[in-house]
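Working notes, beginning with the structure itself.
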Amino acid sequence: MEAKVLLDKMLVHKTLTRGETHDFLLGVTREEYPVEQITALLTGLQMRGVTADELLGFRDGILETGVTARLDCDRYIDVVGTGGDRKNTFNISTCACFVIAGAGYKVAKHGNYASTSTSGASNVMEAHGVKFTDDLDRLNRSINECGVVYLHAQLFARAMKYVGPVRRALQFPTCFNLLGPIVNPSRPQCQLLGVADLNQMRLYSDVYRKIGIDFGIVNSLDGYDEISLTGSFKVTTNRSERVYRPADIGFPAANPASLYGGKTVSEAKEIFDSVLEERALTDRKNVVVANAAFGIHVVDGQKSIEEAVTAARESLESGRALAAFKRFVEINS
């Protein structure tokens, strides 16, 4: 695939096909294009706005050239945010994963180091002594023995290193910033995704419908890429679309200041631990329970959101979420 063909299409405001962006990604990994052409294509897509098919083509290429993580589970969920909301919240989605596991469900969490906050999922895992691996036996042991497996993105998405220098030089987000949530190498059947705005919600809704998985996409209308409980939030799933207030699912409104993730990874680690150990601020506990509940609702469609909230709360308050995390650290250290 010649980059000139794609650039010519974009110059006359045409969109690219899923196959074209897939082939372009493969060409990038084979180092077939000069950096100027990669820069031009990524800049053009960012100015116009990437389509679902264009994003899916890049996804196809990343999964094809990456390391596969085939898990011995019938059904599991990933819980992830797009990032970029610049709210620097604590590790809410990562904490929610262990609450979901404590409620009896399987989680394959795909994550990376922080880009716009103090602590990403990989930062808080590493702070607990977790060692990242792509060893399939250990990955399967983790998800089967404690309910959670962690897939550190840099070990799996090999294609990303080829666009890394261009992305850093551009110094603005590109469509590759949108790929993290959809390139989980285990290809989960379910996903709960937090997005920073409603445009992203529409894009990912289209993407997930084309992939064919069960999904929930959440956005707090005051700009958080998760259910922050600081105000109303919107949830889109395969089955429904609704705006909730915190009171609709039994929670008081949260104070934004209580969700702050700290200035250092060690501060973020302490907040993470305080939630699982049942000594956190009430707002922090409630936010984790709310996000875990919608994850449970996605993976177990038989449960109403009210039942899912109860299951998430019981997982945390009973200590089962903490037990799942402790066993996770034992297996992965």
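Per residue, the chain exposes 42 Å² of accessible surface when a 1.4 Å probe is rolled over the protein heavy atoms with every protein chain present. Along the chain, the exposed loop sites are trypsin sites (Lys or Arg not before Pro) outside DSSP states H, G, I, E and B with at most 12 other Cβ atoms within 10 Å, and the longest stretch free of them is 132-238. Classify segment 143-217 as rounded, prolate or oblate, taking a ≥ b ≥ c as the square roots of the eigenvalues of its Cα gyration tensor: rounded when a/c is under 1.5, otherwise prolate if a/b is larger than b/c and oblate if not. It is oblate, given that a/c is not under 1.5 and a/b is not larger than b/c.
How far, in degrees from 0 to 90, does helix 52-65 lean away from the longest principal axis of the Cα atoms of the chain, to the nearest 10? Helix 52-65 and the main axis of the chain meet at about 90 degrees. Taking Cα atoms only, the orientation of helix 305-317 departs from the longest principal axis of the chain by about 70 degrees. Label separation (Glu241 vs Arg48): 2.4 nm, computed from points 7 Å beyond Cα along the C-beta direction.
Can you work out the FRET efficiency for the pair Glu267 and Arg138, with r the C-beta to C-beta distance and R0 = 25 Å, to the nearest 0.05? In this case the efficiency is close to 0.30. Taking the protein heavy atoms of segment 208-265 in the context of the full set of protein chains, the accessible area attributed to carbon and sulfur is 50 percent at 1.4 Å. Apolar share of the accessible surface for segment 87-175: 45 percent from carbon plus sulfur atoms, 1.4 Å probe. Shown is the FRET efficiency for Ala253 and Glu306, computed with R0 = 22 Å from the Cβ-Cβ distance and rounded to the nearest 0.05: 0.75.
For the residue pairs Lys269/Lys326; Lys109/Lys269; Lys106/Lys303; Lys161/Lys263; Lys87/Lys285; Lys87/Lys234, the C-alpha atoms sit more than 21 angstrom apart in Lys161/Lys263. With 0.36 nm allotted per residue and the present C-alpha distance subtracted, the Arg187-Glu64 stretch has 43.1 nm of extension available.
Taking 0.36 nm per residue of separation and subtracting the current Cα-Cα distance, fully stretching the chain between Gln154 and Val329 would add 61.0 nm. Which label belongs to the value computed from this structure, given these candidates for volume of the Cα convex hull per residue in Å³: [x] 141; [y] 120; [z] 165? Among [x] 141; [y] 120; [z] 165, the one calculated here is [y].
The values are calculated or read from the model by the stated rules, or taken from the named source; none is laboratory data. Computed from a predicted model, the values in this text were never measured in an experiment. Note that each Cβ is placed from the backbone with ideal geometry, even for glycine, and that neighbours are counted across all protein chains shown. Just the protein is used for accessible areas: all its heavy atoms, side chains included, with ligands, DNA and RNA removed. Shrake-Rupley method; radii C 1.70, N 1.55, O 1.52, S 1.80 Å.
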